[in-house]
Amino acid sequence: MLFRGWEAAVDGPWPDVATVVDGVGGTHLVVTRHALVRQVLADPVTWRPDNALDAVTPIPVAALRVLTGHRFRLPPTLANNAGPSHPEIRAIVAEALHPDRVAAQRPWLTALVRTRVAGIAAELAAGRPVDLHARLAADLPLLALARLVELPDAPVGAVKDFARAALELFWAPLDADRQQALAAEVGRFHAVLREFAGAGGGLAARLRDAGHSPDVVVGALFFLLVAGQETTSQFLTLLLHRLTGEPEVRAGLRAGTIAVADVVEEGLRLEPPIVTWRRVAATDTTLGGTPVPAGSSTLLWLARAGRDPEVVAEPAGFRPGQRGSRRHLAFGAGAHRCVGAQLARLEAAVVVAEAAPLLDAVTVVRPPWCPDNLTFRMPDAFLVRRAHPTRPT
Ligand code: HEM
């Protein structure tokens, strides 16, 4: 259940707080109610973020050796940083992702997506199947990020492989052989980041100039390259897939009675790419009346919190604009709330606005498949075909 949380999220009742053994080395206090998840996120003193990036399957010595061979280190930087350096590092990253800079990407992104949608429409009309993940989701967020943050000069495919390897290495149930292969992939790219961190401009230079160590610069770039693009890629695919099954929502978009922004928020509530997120109890405490010993790994079930009947009247229905829709916790909350939320929203809004009409006349050939993972959905290909292909005359 823990490793396929998005499936369990739609089924029956679940206790507010429950202790669950993950089967690969850990025990977690799983928190499902919106109010309790929020309470934890809002109190970084009692619930520290230190374990946010810990490997769920403990990494064995052989794989650790591979990582240290590449001088891999992941010091507290952003998501796992409860220390005094966090606000300063966060402020520098937030400046690079300032809402004005993000909004300025809209014309470029719209033109790019429009061109791609036209190409897809032509292929669909010719009766060919199209992978919407590959064409509209996989690389767009990385291309957008690269316009806002100077990144190492690496092929898109290499960054995607590295990011997905990192999400698997740190959040999936794994055997030792797979861990070793993933460690090699993650380690190799980490070495590229380390070199760039020492000489790169933009964000890397600003962090260096503010006196942060090379480890911190690498840590920030590492997290951004994973969290700042892979999450949005996943969300775009999940949302497009969801919308293929929501004809009334598409009709509302067409008629202008449903706002794109509301579709994006309802998508984040129902199909968050980050299903769970972790905190650790700093002291002996209680949560929802349950005693919690210090050191407990606390698994915040963000996807379930979005479906809490205390928050929305129709928890399972895709009802853009319904009261409470925007109260989802897909971006977390509090001191560590996602700093890229505006960018993710812009990307999703552009893709929905431009691509939703494509979905009116397609059938799903193959829905996206998601591998076992504690936290990330990681959908793969999403193949569609035109329902009634136009015959060549
Ligand atoms: C749909 C896409 C995205 C989702 C669902 C998402 C979700 C999250 C979540 C759940 C957290 C942890 C929040 C917490 O601990 O309270 C987080 C943190 C973060 N996200 Fe995102 N994110 C997305 C896209 C992005 C993008 C596009 C960027 C940047 C380009 C980004 C950068 C970050 C950073 C830097 C943090 C750490 C913030 C801190 O610790 O201060 N994310 N995100």
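Residue-by-condition table, conditions (1) open to solvent by less than 60 Å² (accessible area, probe 1.4 Å); (2) within 25 Å of P173 (Cα to Cα):
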position: L329; (1), (2): yes, yes
position: V350; (1), (2): yes, no
position: L359; (1), (2): yes, no
position: V365; (1), (2): no, no
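Evaluate the following for L270: is it in contact with a strand residue (DSSP E or B) (Cβ under 9 Å, 6 or more places away or on another chain) and either open to solvent by less than 10 Å² (accessible area, probe 1.4 Å) or away from the ligand (no atom under 16 Å from the Cβ) (or both)?
no
Within segment 71-115, the residues that satisfy the criterion of being away from the ligand (no atom under 14 Å from the Cβ) and either assigned to a loop (DSSP other than H, G, I, E, B) or free of Cβ contacts under 8 Å to residues at least 24 places away in the same chain (or both) are R71, F72, R73, D100, A104, P107, A111, T115. Summed over segment 292-310, residues that are assigned to a loop (DSSP other than H, G, I, E, B) and within 22 Å of the chain's Cα centre (by Cα) total 4.
Conditions tested, residue by residue: (1) open to solvent by less than 30 Å² (accessible area, probe 1.4 Å); (2) touching a Lys or Arg at 6+ places or on another chain (Cβ under 9 Å); (3) in a strand (DSSP E or B).
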{"site": "W14", "(1), (2), (3)": "no, yes, no"}
{"site": "T19", "(1), (2), (3)": "no, no, yes"}
{"site": "G25", "(1), (2), (3)": "no, no, no"}
{"site": "H28", "(1), (2), (3)": "yes, yes, yes"}
{"site": "A35", "(1), (2), (3)": "no, no, no"}
{"site": "P44", "(1), (2), (3)": "no, yes, no"}
{"site": "N51", "(1), (2), (3)": "yes, yes, no"}
{"site": "P58", "(1), (2), (3)": "no, no, no"}
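When T68 is tested against the conditions (1) away from the ligand (no atom under 13 Å from the Cβ); (2) within 24 Å of W277 (Cβ to Cβ), the lone failure is (2). Hey, does segment 151-160 have a residue that's buried (at least 21 other Cβ atoms within 10 Å of the Cβ), among the hydrophobic types (A, V, I, L, M, F, W, C) and farther than 21 Å from L383 by Cβ? So far as segment 151-160 goes, yes, one or more of its residues are buried (at least 21 other Cβ atoms within 10 Å of the Cβ), among the hydrophobic types (A, V, I, L, M, F, W, C) and farther than 21 Å from L383 by Cβ.
Just one of the listed residues (V339, V264, V249, V292) is in contact with a Lys or Arg (Cβ under 8 Å, 6 or more places away or on another chain) and open to solvent by less than 30 Å² (accessible area, probe 1.4 Å), and it is V264. Taking the condition of being open to solvent by less than 10 Å² (accessible area, probe 1.4 Å), more than 9 Å from the ligand (Cβ to nearest atom) and touching a Pro at 6+ places or on another chain (Cβ under 7 Å), how many residues in segment 207-232 meet it? Of the residues in segment 207-232, 1 are open to solvent by less than 10 Å² (accessible area, probe 1.4 Å), more than 9 Å from the ligand (Cβ to nearest atom) and touching a Pro at 6+ places or on another chain (Cβ under 7 Å). No other residue among T363, T375 is among the hydroxyl-bearing types (S, T, Y) and under 15 Å from the mean Cα position of the chain (by Cα) apart from T375.
The values are calculated or read from the model by the stated rules, or taken from the named source; none is laboratory data. Here the structure is a predicted model, which means the values were calculated and not measured. Here Cβ is always computed from backbone atoms with ideal geometry, including for glycine, and neighbour counts include all displayed protein chains. Areas reflect the complete protein model, heavy atoms only, side chains present, ligands, DNA and RNA absent. Shrake-Rupley method; radii C 1.70, N 1.55, O 1.52, S 1.80 Å.
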